[in-house]
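Data block below; observations after.
Derivation of every value follows stated rules applied to the coordinates shown; laboratory data play no part. This is a predicted model, so every value here is computed, not measured. Note that we place each Cβ from the backbone using ideal geometry, even for glycine, and neighbour counts take in every protein chain shown.
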Amino acid sequence: MSQHDQELERRARKLFLRASQDVDPAMAGRLRAARRTALAPRSHASTARRLLLPAGAFAVLALASLMIWQPGGAPPSPTALGASVDSDPNDLPPDADSADPALYKDLQFYSWLAYNDTPSPSRK
């Protein structure tokens, strides 16, 4: 600090001390009340801030879970996977000559499997 600043601080302190000795009791009480109010913790603001962090974390968790697990999401339908709607489950693949002959060995089993794989209303 410079010499000028130190002198200014000394004069201001002396003036403050002299003025604080001349304050009447009513004014001193009002000043103390104002000081207590200013220094009191703000419970509403701090409570709100304390609740925002967990609430925000919970919201992010809920959003992430909904993105991963979508409620009511049905398994993809055969039409979504590329199968045609009009195709019969007993139909052979379009190119039977290039397919593996072992696939045609148990056609009756595959037919039974396709018939029993359809979801019934009682399974839900």
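Points to keep in mind about this one:
- For the stretch 1-40: rounded, prolate or oblate by the Cα gyration tensor [a/c cutoff 1.5]: oblate
- FRET efficiency for the pair Trp69 and Asn116, taken as 1/(1 + (r/R0)^6) with r the Cβ-Cβ distance and R0 = 22 Å, rounds to 0.20.
- Efficiency of FRET between Ala19 and Thr47 - r from beta-carbon atoms, R0 30 angstrom, step 0.05: 0.20
- Two-site FRET efficiency, Phe109 against Ala62, from Cβ-Cβ distance with R₀ of 41 Å, rounded to 0.05: 0.35
- Between Ala38 and Arg10, the simple label model (points 7 Å from Cα in the Cβ direction) yields a spacing of 2.7 nm.
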